[in-house]
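S.K.: Mind having a look at this structure? Questions to follow.
The values are calculated or read from the model by the stated rules, or taken from the named source; none is laboratory data. All figures in this text were calculated on a predicted structure; none of them were measured in a lab. Here the Cβ positions follow ideal geometry from the backbone for every residue, glycine too, while neighbour counts run over all protein chains shown. Keep in mind that these areas ignore ligands, DNA and RNA; they rest on the heavy atoms of the full protein, side chains included. Shrake-Rupley method; radii C 1.70, N 1.55, O 1.52, S 1.80 Å.
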Amino acid sequence: MPESLYMKQQQRRPFIAQADGDASAISSPGSPAMEHIELDTLGMAKAVDGSKTGGNVSEVVVDDDSTAVEDAFQEHYVKIDYSGGSGFSLKKLWRFVGPGLLVSQALLDPGNIESDISQADTSGYKLLWLLLLAHIICIFVQSLAARLGVITGRHLAQHMRQQYPRPFATVLWLLSELAIIGADIQEVIGTATALHILTSMPIWAGVVITAVDSFLFLYVQRLGVRVTELVFGLMVTILAVCFWVEMIMIKPDAKELIKGMVIPRIPQGSIVQAVGIIGCVLMPHNLYLHSALVGSRKLDRRPEARVGAIREAMRYFRIETSISLMYAYLINMSVVVVFCKAFDVLRASGTPYVASLADGATVLSTVLGRGSKYVYAVGLLAIGQSTTMSGTLSGQYVTEGFWNMAVKPWQRVLITRGISLVPALIVAVSASAHMDLLSEIINVIQAVVLSFTIIPLLKMQATVEIVGPEFVFGRVGRGAAATLTLAIVTLNAYMVVSVIPLTSAGMYVAMVAVLLVYIGVLSYTALFPLKSAWGQQALVDRAPAYIRLLFARRSVPGYVPPPEVSSPVEPGDRGTHIPDFR
């Protein structure tokens, strides 16, 4: 019978080798020796006080098959002490601030700014409510990604490698890299556009400079997690100040602004634009990134404190994520508002204009004066450079998670950047003159990949062998997750179909074929039993033999539950308490 993840965890307990003897003492869960072993978020055991274990600790062993490589970004962990209290503390919240800020940058990248400009041109203030709703949905989804990382101590890419067969996991990795490359293209072009506005250098030269100076992130990473988070937060703030200053200067219509935020309405002919707004905010590589970044906070994972410490961390991360993404919404809103007013002024005067990222500076300089285009360019440069670096960080986690790469940090950075950034540069240089069409294609790719990322994320939250009985989704959580998944998949399918030009019978056939493949692969992703639950009877086991073969399921004997662990169950916990899910 295949082993469950639970049984594997019991067999892979960490041990410490005593220096003052030949024999190795193996510590059982909850023993005094184990209480003085800290486990970092990648599963690396480290002794903090050898004297308390009865001897000098000379060797430490990894307790499972998680990624055991040095993480340059998390070189300096932020240690979170758990006191057992349930009150709120601003001082403690500050220690959790950071991951949400890095994630919020993806909602502000040059591709999203271009989407904001397009929204201002086609629908004015009328879709601001949908932009707000998209950010609220994003808060919920990103909180789930952070939740997975906090509970298990592993990020999403690592789980996908472990839970799906290697061929299918490889396909998921390729799709994820494709989404990252697409985001890199928009970010590199956006940064190059800002350099062109400021210095009049050619776009291709700006692309090359962007590629070279993004390697400075290697040095920033070595300064530690808090310095890195500070740098990224500063970049976001520069963008915010630039557009808030221009919003004050342009004096938008406050009444229309409030109506647009609170009254749901979709102008005629703006359905595709509306779906695109949601697609631009929910980005697949952000889920990988967020689930990994929360690992920079080292929690108290001793058996007696583990559940309380994890619940506290999840609460603070939800707050931090909500604040960071609403901050991003206010910036996106200011971009829409500024260009809404600018376009109204130009239409009233009969001045022709082009609603695009590159021509945004011309629009603002015509309405607000020459200096405004430089303010626009500075904000675009800051966020473009910042998102290029954070996108590369996403690529690092995706690659190392799917392939369990055990290489030095600088080697890993060069490899992962070669995978994600070099193709982006090639496409950006060769297709920079067709960015409108390219952005549309990239948005479709992001929409497709999101479905294949969010389904595994939600499945893992509902699998007790992964998150443990204390944190597994109940009926309400499963229902909400299923509803959200269905809505996102439907919207993304609509976006994919909307870009197919239905000009002939052959195109209709192509559309049907694309939909069938999309639905088929999504169904496989959703129905495939995760490896951690392979010891259990699943719905697919009742299917005919050829269906079971498709899902790599042979005849599965009756499921025998793992032995119960005689550990105390804390008030409010459900089911058997299984300690130490890392």
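S.K.: Given the residues 337, 307, 294, which is the only one that is touching a residue at least 40 places away in the same chain (Cβ under 8 Å), open to solvent by less than 40 Å² (accessible area, probe 1.4 Å) and over 30 Å from residue 158 (Cβ atoms)?
M.R.: On the way: 307 fails: over 30 Å from residue 158 (Cβ atoms); 294 fails: over 30 Å from residue 158 (Cβ atoms).
Going through 337, 307, 294 in turn, just one is touching a residue at least 40 places away in the same chain (Cβ under 8 Å), open to solvent by less than 40 Å² (accessible area, probe 1.4 Å) and over 30 Å from residue 158 (Cβ atoms): 337.
S.K.: Right, here's the next one. For the stretch 134-164, enumerate the residues that are among the hydroxyl-bearing types (Ser, Thr, Tyr) and open to solvent by 10 Å² or more (accessible area, probe 1.4 Å). Lay out the reasoning, then the answer.
M.R.: Of the stretch 134-164, the ones among the hydroxyl-bearing types (Ser, Thr, Tyr) are 143, 152, 164.
143, the sole residue that qualifies.
S.K.: Let me ask something else. Of the residues that sit in the stretch 118-133 and are assigned to a helix (DSSP H, G or I) and under 14 Å from residue 347 (Cβ atoms), which one is most open to solvent (accessible area, probe 1.4 Å)?
M.R.: Initial filter on the stretch 118-133 (assigned to a helix (DSSP H, G or I)): 118-122, 128-133.
Right, trim to under 14 Å from residue 347 (Cβ atoms) and you get 120-122.
On the way: 120: 3, 121: 54, 122: 76 Å².
Among those that are assigned to a helix (DSSP H, G or I) and under 14 Å from residue 347 (Cβ atoms), it is 122.
S.K.: Same structure again: Against the definition (modelled with pLDDT under 80 and assigned to a helix (DSSP H, G or I)), how does residue 493 come out, yes or no?
M.R.: Details: modelled with pLDDT under 80: yes; assigned to a helix (DSSP H, G or I): yes.
When the stated conditions are applied, residue 493 passes them.
S.K.: Additional query: Filter the stretch 247-256 down to the residues that are touching a residue at least 40 places away in the same chain (Cβ under 8 Å) and either surrounded by fewer than 17 Cβ atoms within 10 Å (Cβ to Cβ) or under 30 Å from the mean Cα position of the chain (by Cα) (or both) and list them by number. Let's see the steps before the verdict.
M.R.: Of the residues in the stretch 247-256, the ones touching a residue at least 40 places away in the same chain (Cβ under 8 Å) are 247, 249-253, 256.
Across the stretch 247-256, the qualifying residues are 247, 249, 251, 253.
S.K.: Of the numbered conditions (1) assigned to a loop (DSSP other than H, G, I, E, B); (2) within 13 Å of residue 450 (Cα to Cα), residue 268 fails exactly one; give the number of that condition.
M.R.: (2)
S.K.: Out of (1) more than 27 Å from residue 239 (Cα to Cα); (2) assigned to a helix (DSSP H, G or I), what's the single condition that is false for residue 104?
M.R.: Among (1) more than 27 Å from residue 239 (Cα to Cα); (2) assigned to a helix (DSSP H, G or I), residue 104 violates only (1).
S.K.: In the stretch 480-490, which residue that is of a type outside the set (Gly, Ala, Ser) and within 18 Å of residue 143 (Cα to Cα) is modelled with the highest pLDDT? If you could, list the steps in order and put the result at the bottom.
M.R.: Here is the first cut: in the stretch 480-490, the ones of a type outside the set (Gly, Ala, Ser) are 483-486, 488-490.
Remaining after also requiring within 18 Å of residue 143 (Cα to Cα): 483-485, 488.
Values: 483: 85, 484: 81, 485: 80, 488: 80.
Checked the stretch 480-490; the qualifying residue modelled with the highest pLDDT is 483.
S.K.: Let me ask something additional. Say whether the condition of being farther than 22 Å from residue 211 by Cβ, modelled with pLDDT under 80 and either open to solvent by 40 Å² or more (accessible area, probe 1.4 Å) or in a helix (DSSP H, G or I) (or both) is met by at least one residue in the stretch 420-433. Lay out the reasoning, then the answer.
M.R.: At the first step, the residues of the stretch 420-433 found to be farther than 22 Å from residue 211 by Cβ are none.
The answer is no, given that none of the residues of the stretch 420-433 is farther than 22 Å from residue 211 by Cβ, modelled with pLDDT under 80 and either open to solvent by 40 Å² or more (accessible area, probe 1.4 Å) or in a helix (DSSP H, G or I) (or both).
S.K.: Does residue 227 satisfy the condition of being within 28 Å of the chain's Cα centre (by Cα), open to solvent by 30 Å² or more (accessible area, probe 1.4 Å) and under 30 Å from residue 310 (Cα atoms)?
M.R.: Working: within 28 Å of the chain's Cα centre (by Cα): yes; open to solvent by 30 Å² or more (accessible area, probe 1.4 Å): yes; under 30 Å from residue 310 (Cα atoms): yes.
Yes, satisfied.
S.K.: Quick one: is residue 176 among the hydroxyl-bearing types (Ser, Thr, Tyr), open to solvent by 10 Å² or more (accessible area, probe 1.4 Å) and under 29 Å from residue 326 (Cβ atoms)? Spell out the reasoning first.
M.R.: Numbers: among the hydroxyl-bearing types (Ser, Thr, Tyr): yes; open to solvent by 10 Å² or more (accessible area, probe 1.4 Å): no; under 29 Å from residue 326 (Cβ atoms): yes.
In short, no.
S.K.: Being among the acidic types (Asp, Glu) and either within 21 Å of residue 290 (Cβ to Cβ) or free of Cβ contacts under 8 Å to residues at least 24 places away in the same chain (or both) is the filter here, so list the residues in the stretch 441-489 that pass it.
M.R.: Start the filter on the stretch 441-489 by keeping residues that are among the acidic types (Asp, Glu), which leaves 465, 470.
Listed by number, the list is empty, since nothing qualifies.
S.K.: Among the residues of the stretch 464-479 satisfying the criterion of being among the small types (Gly, Ala, Ser) and either outside any helix (DSSP H, G or I) or open to solvent by 50 Å² or more (accessible area, probe 1.4 Å) (or both), which is modelled with the lowest pLDDT?
M.R.: 474
S.K.: Please name all residue pairs, on different chains or six or more residues apart, with Cβ atoms under 9 Å, provided the first residue is in the stretch 376-404 and is acidic (Asp, Glu) and the second residue is at pLDDT 85 or above and open to solvent by less than 10 Å² (accessible area, probe 1.4 Å).
M.R.: As it stands, the answer is 400/157; 400/158, since those pairs meet every condition given.
S.K.: Further question: Listed residues 348, 342, 361; which is free of Cβ contacts under 8 Å to residues at least 40 places away in the same chain, in a helix (DSSP H, G or I) and of a type outside the set (Lys, Arg)?
M.R.: The conditions single out 348.
S.K.: When you scan the stretch 221-243, do you find a residue that is outside any loop (DSSP other than H, G, I, E, B), out of contact with any helix residue (DSSP H, G or I) (no Cβ under 6 Å at 6 or more places or on another chain), modelled with pLDDT under 80 and under 25 Å from residue 445 (Cα atoms), even just one?
M.R.: no
S.K.: Quickly run through the stretch 330-380 and pick out the residues that are within 30 Å of the chain's Cα centre (by Cα) and of a type in the set (Ser, Thr, Tyr).
M.R.: 334, 356, 376 - these are the residues of the stretch 330-380 that are within 30 Å of the chain's Cα centre (by Cα) and of a type in the set (Ser, Thr, Tyr).
S.K.: Further, regarding this structure: Out of curiosity, is residue 95 assigned to a helix (DSSP H, G or I), of a type outside the set (Val, Ile, Thr) and open to solvent by 40 Å² or more (accessible area, probe 1.4 Å)? Quick ask: steps written out before the conclusion?
M.R.: Details: assigned to a helix (DSSP H, G or I): yes; of a type outside the set (Val, Ile, Thr): yes; open to solvent by 40 Å² or more (accessible area, probe 1.4 Å): yes.
Answer is yes for this residue.
S.K.: Pick from 183, 169, 192: which is in a helix (DSSP H, G or I), open to solvent by less than 10 Å² (accessible area, probe 1.4 Å), touching a residue at least 60 places away in the same chain (Cβ under 8 Å) and touching a Lys or Arg at 6+ places or on another chain (Cβ under 8 Å)?
M.R.: 169
S.K.: Right, something else. Just a yes or no: is a residue in the stretch 501-510 open to solvent by less than 30 Å² (accessible area, probe 1.4 Å) and in contact with a helix residue (DSSP H, G or I) (Cβ under 8 Å, 6 or more places away or on another chain)? Please lay out each step first, then the result.
M.R.: Taking the stretch 501-510 first, the residues open to solvent by less than 30 Å² (accessible area, probe 1.4 Å) are none.
Scanning the stretch 501-510, I find no residue that is open to solvent by less than 30 Å² (accessible area, probe 1.4 Å) and in contact with a helix residue (DSSP H, G or I) (Cβ under 8 Å, 6 or more places away or on another chain), so the answer is no.
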